[in-house]
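The values are calculated or read from the model by the stated rules, or taken from the named source; none is laboratory data. Keep in mind that this is a model prediction, so the values were computed, not measured. Using ideal geometry, Cβ is built from the backbone for each residue, glycine included, and neighbour counts are taken over all protein chains shown. These area figures cover heavy atoms from the full protein model, side chains too; ligands, DNA and RNA do not enter into them. Shrake-Rupley method; radii C 1.70, N 1.55, O 1.52, S 1.80 Å.
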Amino acid sequence: MRVFKFGGASVKDAQSIKNLKTVLDTTGFENLVVVISAMGKMTNALEKVVSAYLQKALQMDAALAEVIDYHYNILQELFPEKSHAVYKEVHFLFEELKHFLAHNKSTNHAYVYDQVVCYGELVSTKIVSSFLNNQQIKNTWIDSRECIKTDNNYRDAGVDWELTQSKIKEKVNPKILTLTQGFLGSNDNNFTTTLGREGSDYTAAIFAYCLGAESVTIWKDVPGVLNADPRTFNKTILLEQISYREAIEMAFYGASVIHPKTLQPLQRKEIPLFVKSFLNPSQTGTSVAKGKDLIPAVSCYIIKKEQVLISLSSLDFSFMVEDNIGEVFKLLHKYKMKVNLIQNSAISFTVVVDNKYNKLDELLTRLRSNFKVRYNENVALYTIRHFKEKEVDKLEKGYEVLLKQQSRDTMQLVVR
Ligand code: ADP
Ligand code: ASP
Ligand code: MG
């Protein structure tokens with residue numbers, strides 16, 4: 001089996017969906033599972049629906065209408081025949097969503113979030129599946145919530161691997177092209193869960209692991225993994241081969257082209273991951289596999305924006321050691337702050353964190369009762385793998401450097 005993943009950019013409009021078909025024509029679609037994300041920026045749009053809904057804001061109807069209209073515009077381009085069954089299927093999904101919004105009593109943000117944002121993937125896969133069937137690429141649509149079983153950690157659910165493996169084996173028929181949603185799972189109560197933003201790459205890896213697939217290919221709007229994000233750097237170099245270890249490090253530090261959780265399951269079964277351009281499907285792209293760490297051997301730049309630099313010191317000049325640092329980590333874990341850099345001295349302790357869930361104020365209030373706290377919001381964290389001093393010097397010139405840390409092959413700079 002092979003597993004393909006098409007992300008938001010590859011299904012963002014009717015033209016892109018037609019292109020997806022061209023990709024399948026080029027690669028063939030035997031023994032294939034295709035995982036698809038929500039279209040374009042629809043997950044962001046659905047997040048707005050969730051926020052407005054929970055704040056009981058008037059904008060909710062407009063936010064929902066934006067999502068619905070976006071999909072109907074694409075439908076109309078792909079299926080000029082209004083009587084096509086897909087219209088009913090999509091209508092049914094949106095009715096289901098409206099029903100949830102009208103009847104739900106829970107105010108648990110993360111729970112509501114998952115029950116709502118899942119419609120991005122459900123609708124996109126219905127549309128693409130019908131389109132491919134129409135174009136003689138026969139496929140079976142499956143609900144990945146019936147395959148990927150998770151815990152109750154809404155918005156960042158953990159996978160129950162044993163159960164998931166048996167469900168996937170039961171649901172996937174290798175003889176026919178299977179099409180399913182990225183990002184989604186469900187818990188014991190069959191409520192929808194999600195695997196974390198950009199989690200569709202991870203879904204592809206889960207299917208590949210459970211099916212013992214021969215490879216995973218993620219199709220992107222870039223030629224493969226580059227040595228830096230092309231949105232920030234002008235001159236980038238395509239990485240042809242990356243070891244699992246190197247790729248895990250890059251993804252962990254924030255190379256957003258691969259979701260960080262994707263690589264562990266693949267590495268365990270040594271399943272190669274290909275990152276390729278959906279605009280040039282016959283180009284080789286990047287291979288993440290066992291072998292050389294990095295070809296070509298160049299420096300890789302990873303940037304994480306909107307980070308918070310927090311420096312703590314003890315109120316009474318006592319040392320920052322295991323027990324009080326342990327306390328800090330418990331709080332960071334409680335407020336779901338991902339730590340991207342740590343530095344400590346005798347009486348101070350500094351971390352750079354991602355304030356993904358907007359919990360900074362709550363965290364700072366708790367910290368202030370035990371520590372003297374200083375912080376800077378909106379700083380950027382540069383990580384340079386296999387750095388060269390000269391290149392770092394050049395980079396530093398454009399910024400105020402707040403902190404610098406280096407190990408044998410990684411340099412990290414916190415700048416603003
Ligand atoms: P998807 O459509 O699968 O969700 P993403 O938008 O998540 O795709 O990932 C592709 C984008 O990742 C690219 O358009 C590029 O801007 C960005 N990116 C960040 N770092 C890198 C990198 N090192 N190599 C290639 N692309 C990168
Ligand atoms: N649609 C989800 C997101 O935008 C998952 C994904 O695209 O990988 O985060
Ligand atoms: Mg994405």
If I filter the stretch 79-100 for residues that are in a helix (DSSP H, G or I) and in contact with a Gly (Cβ under 7 Å, 6 or more places away or on another chain), do I get at least one hit? no
Subset of the stretch 96-127 [within 16 Å of ligand 3 (Cβ to nearest atom) and surrounded by fewer than 17 Cβ atoms within 10 Å (Cβ to Cβ)]: none
Can you tell me which residue in the stretch 70-86 is nearest to the chain's Cα centre (by Cα), limited to those that are open to solvent by 30 Å² or more (accessible area, probe 1.4 Å) and under 18 Å from Thr125 (Cβ atoms)? Tyr70
So, first residue farther than 19 Å from Val123 by Cβ in the stretch 184-200, second residue within 16 Å of ligand 1 (Cβ to nearest atom) and in a strand (DSSP E or B), Cβ within less than 9 Å, six or more apart or across chains; the pairs are none
On the basis of being touching a residue at least 24 places away in the same chain (Cβ under 8 Å) and not in a helix (DSSP H, G or I), does Ala9 make the cut? no
When (1) modelled with pLDDT of 95 or more; (2) part of a loop (DSSP other than H, G, I, E, B) are applied to Arg374, the one that fails is (2)
Assess whether Val90 counts as being surrounded by 12 or more Cβ atoms within 10 Å (Cβ to Cβ) and in contact with a His (Cβ under 6 Å, 6 or more places away or on another chain). no
Only one of these is touching a strand residue (DSSP E or B) at 6+ places or on another chain (Cβ under 7 Å) and touching a residue at least 60 places away in the same chain (Cβ under 8 Å): Ala247, Ala204, Ala297, Ala255. Name it. Ala204
Between a residue in the stretch 42-62 that is surrounded by fewer than 13 Cβ atoms within 10 Å (Cβ to Cβ) and any residue that is not in a helix (DSSP H, G or I), which pairs come within a Cβ distance under 6 Å, given they are 6 or more apart or on different chains? none
Just to be sure I understand, how many residues within the stretch 390-416 are more than 28 Å from the chain's Cα centre (by Cα) and touching a residue at least 40 places away in the same chain (Cβ under 8 Å)? 2
Do we find that Leu381 is under 29 Å from the mean Cα position of the chain (by Cα) and either of a type in the set (A, V, I, L, M, F, W, C) or not in a strand (DSSP E or B) (or both) in this structure? yes
Return the total of residues in the stretch 236-252 being aromatic (Phe, Trp, Tyr) and open to solvent by less than 40 Å² (accessible area, probe 1.4 Å). 1
